[in-house]
Amino acid sequence: MTKQRKTISQNLKYKLFYNCARTCCVCKCQKNPIQIHHIDNNPSNNIYENLIVLCSNCHDEAHTDHKLTNNLTTKELIHHKTLWEENIKKLSSHAMLPISISNCAMWTFINYEKIPRILKNIGLEFEKIEFNNLLLKNVIDKNATPIFQKASDDKKYITIYDRLEWDNATKLHNMYMDAIDNLVEYINPLELGAIWSKIEIKNLVNTGDICFAIRGFHFKENEIKNNKASRYIYATSKNIEIRMYANTQYIYGDSALYGHFSGHSFIGILMLIKEIKTENNKLIINATPLAMSSGVSTSYKSPHQLKYGWKTSVWSPT
Ligand SMILES: [Zn+2]
């Protein structure tokens, strides 16, 4: 009996394509068109584990039964898929770290409210010695929330430099930067630039997800409430818009405040997705910034092909 072919859902299709960076899991070539193959040759078995992305050549090979030579057996296909997806995960999360983007890049905005909660939820911790040092000095409480020691009511814009002694601000910042790097490598955030189409974003991104975007963002002054200033941040392309607000007191110093996070600036943002909605045919992504890296260069190398419409990655598999 021939098995009935069932349509693979969009959600599954885009997930498969994203997880292998649109690259054949066997030969890793990016020249031939990619297709989805059923590992057990049953076209009605559309579970994630039974599907693999192959190029047209390898797909032919998988359907060929050689008597004497090795063709792509079920076991081999599963092995190729597992290793390749793992490799893409590592490469893409590593690409998001400031140190991989440029020598002078670093997380110069850190959301001190959200990061400790997220780390706790997924079971990650701050570096113990640094944490205890800062706790003893009363720079943080036991939840790693900063205890700001200086009031700066006379200044329009304040950063953590204005709220802490310089040395304490640096130590706090370093501890959080390391924790954010660990978080990125642990969760492997979805790279929005790689799925920059309404249909893919709708299928792959959910409220509560942590995503990463590196591109030009616009920064605008926002009204000041209770001496708290914030920046409105947005980026639009192809009828998709990312929107968020950043509290300026979480910015690390004046050069980031007046330089990197003002006007139009090329930066990396790690963000928590709050809402995805359609407004006048435009897809709006409302997010909360968790960390923003400045000093980044356009030589960003991701295994994913960026699709913002202004840059493609120059990465090739080795
Ligand atoms: Zn191939």
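Which residue, 111, 73, 143, has the largest displacement toward the positive end of the dipole of the chain when charges sit on each Cβ (Lys, Arg +1; Asp, Glu -1)?
Value: 73.
Helix-only mean residue ellipticity at 222 nm, the chain, DSSP H runs n ≥ 4 weighted -39,500 (n - 2.57), per residue, nearest 500. What is it?
-9000 deg cm²/dmol
Considering Cα pairs under 8 angstrom that are at least six residues apart, work out the relative contact order of the chain and quote it in whole percent.
Averaging sequence separation for qualifying contacts and normalising by length gives 19 percent for the chain.
Compute the separation of the alpha-carbon centres of region 80-112 and region 258-279 and state it in Å as a whole number.
First find each Cα centre; the distance between them is then 18 Å.
Return the single residue from 31, 89, 301 with maximal mean-square fluctuation; model: Gaussian network over the chain, springs between Cα atoms under 10 Å.
31
Pop the C-beta distance of residue 129 and residue 264 into the FRET formula with R0 = 45 Å and round what comes out to the nearest 0.05.
0.65
Sorting 209, 254, 65 on the 10 Å Cβ count, fewest up front, what's the list?
65, 254, 209
Quote the charge dipole size of region 4-47 about the Cα centre in Debye, to the nearest 20; the model charges only the Cβ of Lys and Arg (+1) and of Asp and Glu (-1).
140 debye
In a GNM of the chain with a 10 Å cut-off on Cα contacts, which of 27, 211, 58 has the highest mean-square fluctuation?
27
Which stretch or stretches of region 12-44 have amide N atoms under 18 Å from the point lying 7 Å from residue 6's Cα along the Cα→Cβ direction?
12-16, 36-44, by backbone N distance to the label point.
Of 276, 195, 110, which has the largest mean-square fluctuation in a 10 Å C-alpha GNM of the chain?
The residue with the greatest mean-square fluctuation here is 276.
Tell me the relative contact order for region 105-294 as a rounded percent, counting alpha carbon contacts under 8 Å between residues six or more apart.
The normalised contact order for region 105-294 reaches 26 percent.
What's the center-to-center distance, using Cα atoms, between region 117-163 and region 16-30 in Å?
About 42 Å separates the Cα centre of region 117-163 from the one of region 16-30.
Antiparallel versus total DSSP beta bridges in the chain: what percent is that, nearest 5? Don't skip to the answer; put the middle values down first.
Numbers: 45 of 51 bridges.
Around 90 percent of the beta bridges assigned by DSSP in the chain are antiparallel ones.
Using a 10 Å cut-off around each Cβ, can you sort 94, 80 from fewest to most neighbouring Cβ atoms?
The order, fewest Cβ neighbours first, is 94, 80.
Taken together, the values in this text are just the output of simple stated rules run on the coordinates, not laboratory data. Please read these numbers as outputs of a predicted model, since none were measured by experiment. Note that we place each Cβ from the backbone using ideal geometry, even for glycine, and neighbour counts take in every protein chain shown.
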